[in-house]
Amino acid sequence: MNTSVLTSKHPEQAHEVPGASHIAFLSGVTASPPSAATSPGADRFRKLHIRSGSSSSSGNGSPIHTPVSASSNKQPQSPGRSGLLAENYKYATTQKASEALVSTGPGQPQSHRVSHDSDALSNVAHRMLHDTDSSSPVNSQPAGIKNQTNDHENQSGLQPQKFQSLDGSEKPELSLSTYQSKPKPPSCETYKPSGMFLQPGAHVITEDQLINEVRAIYAGLVMVEKKCIDIDKQQSENPDELKDMQWQALIALHTTLLYEHYDFFLASNHPLASTVLKKLADKYSMPSRMWRYGIHSFLELLRKRLPGSLEHMLAFIYIAYSMMTLLLESIPAFEGTWIECLGDLARYRMAVEEVDMRDRDTWSAVSRYWYGRAADKTPEVGRLQHHHAVLARPNLLQQLFYYSKALTSTEPFTNARDSISLVFGPLLDSSRPVNPSNPPILATFVKVHGLFFTRGEIAQSLSWAEEFLGQLDAHIESAGTVFREQAVYITSANYAAVFDFGHTDARLYPMFAAKNLQKPKSEMIDAAYQHWETKPHEETIIGLRKAPSSAEIKFETSDQTVSFASHLAFLTLDIILQRTGDRKVLPSAHLSLAFLWCMALVPKSMEFIQADVPWKRIAIFLNSLIKPETDMTKIASEEFPVHETGSARQLPEDFFIRGLAWGQLYYPGDFFNETADYEERSIELPSAIVPRTRRCLWLGLQIAKLKCWIEYDQQERAFCATRFADELCGLAGQHRVLGVKSDQPDADITMAD
């Protein structure tokens, strides 16, 4: 079959432009705007007559159905209509008449329903018998049905008795006891007229009919789309304020385009549609066109005319939101797109709410929920992390985390570079105050990364880094359980800086591109064992880390930036791991050990940072996790430690790691097949300490198997750093520019909740 099914075979046929009445009003030809109920989109829904044997999602028997907002208030047409709609109408009336003839069961009076509905039955039969449409298959049997109806009425013979009222007038008695029962009509089995049936048949549409229907829908859709594009462009350049009636006409026009798209999606995804027909929506980018021309461009026009257009913007947001929820239920093939669009619409609704902050928070939560669902389906897409970053305002640390994740995801969203610059710009301007809702130490931390990202002054970055590291331990103590999540944000942002935020000249980030990780994981592990037997190390990066000679010197290359970022990242880790026994630091330790394990599987990347890693501190921390009852043999034998089955197998930080470029080497392929609800993922249960501890120990054992930086003694049940790790530590000390050292002992402290 020709794939160009949308090309009409009769180009000379003239089509009425859908939405022309709205355009006429906007141009001043007509005085009043048309209603949405009489729009071409709504009229098409009433005219569609595609039927199949399968059930529809709307429950009306037709796979193409009308959304509630698009349905017309007109009454059904008379039986004079033609085609399948007329047939369906006659089938329905015949069904109603036949149901009236069916007995209600043995031992029950059969006269009640017939006498009660005698007028309605007579009218139905009268209309049915006077239909002269020869195209309907039911016209071959009207006489038989008429005779049956008349015979049944004659045989029933139910005549109500009459009585005299007190004033002498004759009135019918309403009680059933006053009816004289005549002999019962014969059972329905005795009637075997030709063509009699109790349920209308299903007429299967042919492929050619379906193609013609889709072609006609697409022709009308393109016309409406072109008018929407032209009018949106015209109005965006028009400085004059629009009247309410003009806004309503614009809303009706764009609503018509949404209805046309809805019609196209249902027809092209018909159960009987061919594979070529079902691929048309993707081939012609229909979901993105629907969002771009039918929703987004008009919302931007409304946004630019605020506050005068507020009521109209809210009305259109609700219309578009309803349409997207309907598409989410009806067309699951593009479920990810509909979910993301719902998140965008909820974000628009949140942005225009400036009066009721509770409503604003509610819509922000709704948008975050939809983006979370979209990220579940495509966690590798950085664009979704960018959406989360926008919703994180004014939390600077969360914004840094989500923007950096958007830039270092498996599929990075490069536009996030412009967005994150809008965060760093005001923050690095000393004349502008920082939002007081952000703790000063965290604002300082974001400033350091702002200088890394913008390649700013080295001396200023070192000054802010010293300030952050000097206050970090006190902040961990005062923050309480909140630091569990903050530590994950801090650690992840540090490792994003090690990847130079996915900059074009970064060297580490491309090593984790999906095309470079095509080998099975088992082969990568075997190759890593062989590589690390020689204990190689790279001194180029660490040699670029020198204290600046003046305050004006800036970062010049990606390697130089990575050298300073690695220094900060692992000094931060060293301070965090000093708090042995503190449960608040376990999520950060888990993420760091996972990062080191994945880096070790890509040896060239590990050579850049291995000298900065505090291997001795890691061994001490891992030893603090080993308890007498810990079965290290069982942990070492596991392919991947999974504490529970189902949705309880993931830890909260697992969802932060998922989607990162380096994270694709960590989890098994089916690890996220079953997950908890989005609202429940951030809940930290007391029992999480057990699987998190097992994960840390398992990662420590995997790294120790490489016998390069740390080793595990099975008899002593303890980890220790290797001589090679001591050599690396000495090398790093020669290039140390951040002199923060903790005086705290390495002894365990009491477990803190």
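The values are calculated or read from the model by the stated rules, or taken from the named source; none is laboratory data. Every value quoted in this text rests on a predicted model; they were computed, and no experiment measured them. Here the Cβ positions follow ideal geometry from the backbone for every residue, glycine too, while neighbour counts run over all protein chains shown. Note: areas computed on protein heavy atoms with side chains; ligands, DNA, RNA excluded. Shrake-Rupley method; radii C 1.70, N 1.55, O 1.52, S 1.80 Å.
So here's what we get for this one:
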item	result
Lone unmet requirement of (1) modelled with pLDDT of 90 or more; (2) more than 17 Å from Lys521 (Cβ to Cβ); (3) among the hydrophobic types (A, V, I, L, M, F, W, C) for Val602	(2)
Residue match in region 272-292 (condition: touching a Leu at 6+ places or on another chain (Cβ under 7 Å) and of a type in the set (Phe, Trp, Tyr))	no
First in region 548-560 and farther than 19 Å from Val498 by Cβ, second anywhere and assigned to a helix (DSSP H, G or I), Cβ under 6 Å, 6 or more apart	Pro548/Ile458; Pro548/Ala459; Ala551/Ala459; Ile553/Ile458
Criterion: free of Cβ contacts under 8 Å to residues at least 12 places away in the same chain, of a type in the set (Lys, Arg), open to solvent by 10 Å² or more (accessible area, probe 1.4 Å) and touching a helix residue (DSSP H, G or I) at 6+ places or on another chain (Cβ under 9 Å) - qualifying residue of Arg347, Arg393	Arg393
Cβ pairs under 7 Å, 6+ apart, first in region 660-682 and closer than 20 Å to Leu591 by Cα, second among the hydrophobic types (A, V, I, L, M, F, W, C) and open to solvent by 20 Å² or more (accessible area, probe 1.4 Å)	Gln664/Leu517; Leu665/Leu517; Pro668/Phe640; Arg681/Phe655
Any hit, region 356-363, residues being out of contact with any strand residue (DSSP E or B) (no Cβ under 8 Å at 6 or more places or on another chain), touching a residue at least 24 places away in the same chain (Cβ under 8 Å) and open to solvent by 10 Å² or more (accessible area, probe 1.4 Å)	no
Number of positions in region 490-548 that are within 38 Å of the chain's Cα centre (by Cα), loosely packed, with under 14 Cβ neighbours inside 10 Å and farther than 23 Å from Pro668 by Cα	2
Hits in region 201-222 (condition: farther than 22 Å from Lys278 by Cα and under 30 Å from the mean Cα position of the chain (by Cα))	none
Among residues of region 479-538, those that are closer than 22 Å to Ala611 by Cβ and β-branched (Val, Ile, Thr), counted	4
Helices (runs of 4 or more DSSP H) within region 569-673 that include 2 or more residues farther than 27 Å from His531 by Cβ, of a type in the set (D, E, K, R) and within 30 Å of the chain's Cα centre (by Cα)	652-657
Pair list, Cβ under 8 Å, 6 or more apart: region 440-463 residue acidic (Asp, Glu), other residue open to solvent by 30 Å² or more (accessible area, probe 1.4 Å)	Glu457/Pro548; Glu457/Ala551; Glu457/Glu552; Glu457/Ile553; Glu457/Lys554
Residue within region 400-416 that is within 23 Å of Ser588 (Cα to Cα) and open to solvent by 50 Å² or more (accessible area, probe 1.4 Å) present	no
Conditions (1) of a type in the set (Gly, Ala, Ser); (2) under 30 Å from Glu467 (Cβ atoms); (3) surrounded by fewer than 23 Cβ atoms within 10 Å (Cβ to Cβ); (4) in contact (Cβ under 8 Å) with a residue 60 or more places away in the chain; number of the one not met by Ala565	(3)
Scope region 467-482; condition in contact with a Lys or Arg (Cβ under 7 Å, 6 or more places away or on another chain) and buried (at least 21 other Cβ atoms within 10 Å of the Cβ); matching residues	Ile476
Region 645-672, residues that are at pLDDT below 85 and on the phi < 0 side of the Ramachandran plot	Thr645, Ser647, Ala648, Arg649
Enumeration of residues in region 417-439 that are surrounded by 15 or more Cβ atoms within 10 Å (Cβ to Cβ) and among the aliphatic types (A, V, I, L, M)	Ile420, Val423, Leu427, Leu428, Val434
